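The values are calculated or read from the model by the stated rules, or taken from the named source; none is laboratory data. The shown structure was predicted, so the numbers you read here are calculated from the model rather than taken from an experiment. So basically every Cβ, Gly included, is an ideal-geometry build from the backbone, and we count neighbours across all protein chains shown. The area values use the complete protein model at the heavy-atom level, side chains included, leaving out ligands, DNA and RNA. Shrake-Rupley method; radii C 1.70, N 1.55, O 1.52, S 1.80 Å.
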Amino acid sequence: MDHSTLSTPQQLLAAYTAAVLARDVAAFMRLYADDVRVFDTWGVWSYEGSAAWRQMIEGWFGSLGDERVRVGFDGVRITAGAEMAGLSATVTYAGLSPEGQELRAMNNRLTWLLQRREGRWQVLHEHTSAPVGFEDMKAILQRSAAA
């Protein structure tokens, strides 16, 4: 995808999906501002700046071996102004075998703060989360049908 055409937040979602499926670190990182702050669900309190975020993404994509990840967005809500936008959604990450068979899937909640820079949208802040069960304090990574 030509990242200069990221003129709507919806196009950013499509570019994210394509970059993850292709395990294309460079394409993925073009979606993020240099001064991005990421509150990720996994392991680290926050990633400050694109260099720190790139290192995590390289590790994620590199850990996949010959598998791919299909990303799906559900319940997308966007509030956009001329230069800033907010986006929230439920995201499904599905691990795929080399033959395209779904091996496993998990859900996350996603919130993006987007800023238009140089004529295209970029992620300025990302926050992903999963609810935590009261009884066992474990992350709930499968969205129930009622949610």
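Before moving on, here are some points about what is shown:
- Think of a 1.4 Å ball rolled over the protein heavy atoms: the stretch 8-71 then has 50 Å² of accessible area per residue.
- Max mean-square fluctuation residue, GNM over the chain, Cα-Cα springs under 10 Å, options MET56, MET137, MET106: MET137
- Each helix, a run of at least 4 DSSP H residues, gives -39500 (n - 2.57); summed and divided by the residues of the chain, these come to -6500 deg cm²/dmol at 222 nm.
- Accessible area of the stretch 1-97 belonging to carbon and sulfur atoms, whole % at 1.4 Å probe: 54 percent
- Tensor-based shape of the stretch 80-132 (alpha-carbon gyration tensor, a/c under 1.5 rounded, otherwise prolate or oblate): oblate
- Rounded to the nearest 20, the size of the Cβ-charge dipole of the chain about its Cα centre is 260 debye, with Lys and Arg at +1 and Asp and Glu at -1.
- Around GLU67: net Lys/Arg minus Asp/Glu count, Cβ-Cβ under 11 Å: +1
- Where labels lie 7 Å past Cα in the beta-carbon direction, separation of SER7 and ALA51 in nm: 3.5 nm
- Here the contact order of the stretch 59-143, divided by its residue count and restricted to Cα pairs under 8 Å and six or more residues apart, works out to 21 percent.
- Under 12 Å, Cβ to Cβ, from ALA51 - net charge with Lys/Arg +1 and Asp/Glu -1: -3
- Neighbours of PRO9 by Cβ distance under 12 Å: Lys/Arg scored +1, Asp/Glu scored -1, total +3.
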